Amino acid sequence: MDLRKLKTLIDLVSESNISELEITEAEGKVRIVKADPHAPAAPVMMAAPASVPAVAAPPIRTAASIAADAAEAAALEAAETGHIVKSPMVGTFYRAASPGGKPLVEIGAPVKSGEPICIIEAMKIMNEIEADETGAIAKILCENGQAVEFGQPLFVIDRRG
């Protein structure tokens, strides 16, 4: 690893909120740890490449992905009796068209295909999400203001309603 790249990495660590950075490349391994301002500086060490293959760490689960999994599990449970409306995009889920406004739908409310049922804000744009089935709202699977993922279940529509 060349010195310019190493200096850039050190600057990145010192200017950010991260306290530790570890980079592994073919030439070796670099670990940069931000020192306590009152403690003496620790040297940066470079190690020779190891002959042992690296083992991939399990993916880190975010609160949003855990919430999405929980909502999806609840939706699958309710899917036997209804249709699941999924998020067409990543963004922030809102039940009302304006802050403090009346929710677009409530549990038990009848909805027609094409009728707006929620808002998803993505990149400062408010996107109306429409019902894709006619029926009644059986479950609301997201909280107001919650971050949602693409394909995350939002509502269950009971087709019998």
| field | Under the Karplus curve 6.51 cos²θ - 1.76 cosθ + 1.60, θ = phi - 60°, whole-Hz ³J(HN,Hα) for segment 130-137, x wherever Gly or Pro sits | value | 9, 5, 9, 9, 9, x, 10, 5
| Gain upon complete extension [Arg159, Asp132; 0.36 nm per residue less C-alpha separation] | 8.6 nm
| query | Cys118's amide H: which non-local residues (gap 5+, or another chain) put their own amide H closer than 5 Å, with H modeled 1.01 Å from N in plane and none for Pro or chain starts? | reply | Ile129
| query | Label points 7 Å out from Cα along the Cβ direction at Glu121 and Ala97: separation in nm? | reply | 1.7
| query | Roughly what would the spin-label model give for Ile23 and Glu143, points 7 Å off Cα along C-beta, in nm? | reply | 3.8
| Tell me which lysines have Cα within less than 22 Å of Lys5's Cα, excluding those fewer than 8 residues away on the same chain? | Lys29, Lys34
| field | Nonlocal amide H pairs with Val148, under 5 Å, H built at 1.01 Å | value | Gly91, Thr92, Phe93
| Around Lys86, which amide H atoms from residues at least 5 apart in sequence, or from another chain, sit under 5 Å from its own amide H, with H modelled in the peptide plane? | Leu154
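Every read-out reported here was derived from the displayed coordinates using simple, explicitly stated rules and does not represent laboratory data. What you see is a predicted model; the values in this text were computed from it and never measured. All Cβ positions, glycine included, derive from the backbone under ideal geometry; neighbour counts span all protein chains shown.
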